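Written below as structure tokens is the structure these notes are about.
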Amino acid sequence: MARKFDSGNGDAVHIGQAISNLLNSYHIKSKFDAANIVGSWERLVGKPIAKRTKKVFIKDKVLFVQIESAAMKHDISLHRGQILDIFQKEFGKDVVREIVLM
């Protein structure tokens, strides 16, 4: 059940909106989103891919992924669009716009 809190002026604010407002006011929303994306890599792509991943980071809305296996890198490149769709559905289209394999 979603909770609503008083914003101080008598209006109720959804807790998700309150957190979003807080992140925006401190200008840390992009860092929060990046940490969520990196932290969700294994859950969204699966353990076999995550085990062969050396590095995952995001910069300027581009997700950079370093894969240790050339064969796995090739397979992922074939499904890059599907992986991008998964991340965009999970985090929104404005958070990740491209995936670069290294």
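Coordinate-derived values only; no laboratory data. Keep in mind the model is a prediction, meaning the values are calculated, not measured. All Cβ positions, glycine included, derive from the backbone under ideal geometry; neighbour counts span all protein chains shown.
Observations
- Just checking the listed ones, D11, D33, D85: in the Gaussian network model of the chain with Cα springs under 10 Å, the one fluctuating most is D11.
- Relative contact order, percent, the chain [alpha-carbon distance under 8 Å, six or more residues apart]: 21
- Segment K29-S69, extension gain: residue separation times 0.36 nm, minus the distance between their alpha carbons: 11.1 nm
- With each label modelled as a point 7 angstrom along the Cα→C-beta vector, the E98-K59 pair spans 1.3 nm.
- Positive contributions from Lys and Arg (+1) and negative ones from Asp and Glu (-1), summed over other residues with Cβ under 15 Å from the Cβ of V45, come out at +4.
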